[in-house]
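Heads up, the thing below is written out as structure tokens.
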Amino acid sequence: MVSNACFGLLPAVPYCAADDAACNGIAVSAKNLSAAASAESPIAFSEATFEIPCGCRTALIGANGSGKSTLLRVLAGLTPAASGDVTVLGSQPKLGRSRIAYLAQKPKFNTDVPLRLRRLVQTGTYAHHGWFEECEHGDVAVDRALERLGLLELANRSVHSLSGGQLQRGLLARATVQGAEVLLLDEPFAALDQSSREIVEAFLFNPENNFTVVMATHDPADSQRFDRILELKNGRLATMHACAGHAHRHA
């Protein structure tokens with residue numbers, strides 16, 4: 001009771017800053033962008049200039065080590081740009097934006113922390129509440145997201161017992177609950193078996209989903225269904241294919 005009374009006196013400090021402006025047609029914009037994987041690393045790419053319209057599914061291709069992961073981390077606000085200008089949904093990249101979800105290629109969880117899949121997906125709701133705010137966990141939304149990604153029967157499994165493909169689908173379910181409008185995905189197909197891949201592809205390319213996707217892959221065959229293809233090669237970025245005849249999507 002004392003603990004609850006103390007927390008009741010604290011303000012509902014927002015977990016994420018207010019970020020409600022509608023997409024103005026361009027989800028991601030970069031001009032003369034350069035970045036390195038870390039402060040001690042050489043520049044991974046330089047003078048990258050590109051735009052990604054809202055709702056566009058974009059494949060980011062290139063060989064291993066070409067800078068794909070670095071670019072995604074810059075867009076997510078995890079790695080600072082060395083130079084140039086970049087905006088995501090109209091603002092400079094920064095941490096704590098509820099409208100953006102980043103999925104690392106190999107997500108890691110502390111094995112000492114007991115975490116079930118349902119709770120992992122529920123954390124997607126936290127972006128819409130304050131640090132000290134009592135909040136509902138949105139069980140209906142969580143169940144719907146788990147079902148869409150074919151995970152409902154695994155809801156009470158420990159995340160540490162999931163396969164790589166199941167965990168990737170769980171993180172996509174969390175992004176769904178979060179209501180993310182931009183998905184930054186670092187080679188999500190790498191750990192997927194054929195069944196998981198079909199589920200994820202159906203989710204990413206469902207025309208009813210209005211989110212923007214930027215997905216890194218080193219396999220050009222993975223990019224065939226995407227609206228836009230950006231290639232990183234020898235430290236430079238080029239637009240290999242842009243959505244023709246549509247603002248952001250093929251018919």
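Among the GluC sites (Glu not before Pro) in region 149-251, those placed in a DSSP loop whose Cβ has at most 11 other Cβ atoms within 10 Å are 208.
State the extension gain, in nm to one decimal, for the chain segment bounded by residue 233 and residue 205, taking 0.36 nm per residue of separation less the distance between their alpha-carbons. Walk me through the numbers on the way to the answer.
On the way: separation 28, 0.36 × 28 = 10.08 nm, distance 2.63 nm.
Extra length from residue 233 to residue 205 when fully extended: 7.5 nm.
The protection proxy used here, the mean number of other Cβ atoms lying within 10 Å of each residue, ranks peptides 97-108, 63-74 as follows, highest first: 63-74, 97-108. Once the C-beta distance of residue 113 and residue 221 is scaled by a Förster radius of 45 Å, the resulting FRET efficiency is 0.75 to the nearest 0.05.
Percent of Cα pairs in region 179-222 per distance bin of 10 Å, from zero to the largest separation: 26, 57, 17. How large is log10 I(q)/I(0) at q = 0.13, 0.17, 0.20 Å⁻¹ when the Debye formula is applied to the Cα atoms of region 131-213, each weighted equally and without solvent? Debye curve over Cα of region 131-213, log10 I(q)/I(0) at q = 0.13, 0.17, 0.20 Å⁻¹: -0.42, -0.71, -0.96. Between the beta carbons of residue 82 and residue 51, assuming R0 = 22 Å, the FRET efficiency works out to 0.65 to the nearest 0.05. For the listed residue pairs 31/68; 108/233; 31/233, the alpha carbons are over 25 angstrom apart in 108/233. Computed over every Cα-Cα pair of region 44-100 and binned at 5 Å starting from 0, the pair-distance distribution P(r) comes out as 4, 16, 28, 29, 18, 5, 0 percent. Kirkwood radius, region 23-67, all distinct C-alpha pairs, inverse of mean reciprocal distance: 12.1 Å.
The numbers here are math on the coordinates, done by the rules we state, and not lab data. Everything quoted here is computed from the prediction, not taken from an experiment. Ideal geometry is used to build each Cβ from the backbone, glycine not excepted, and the neighbour counts take in all protein chains shown.
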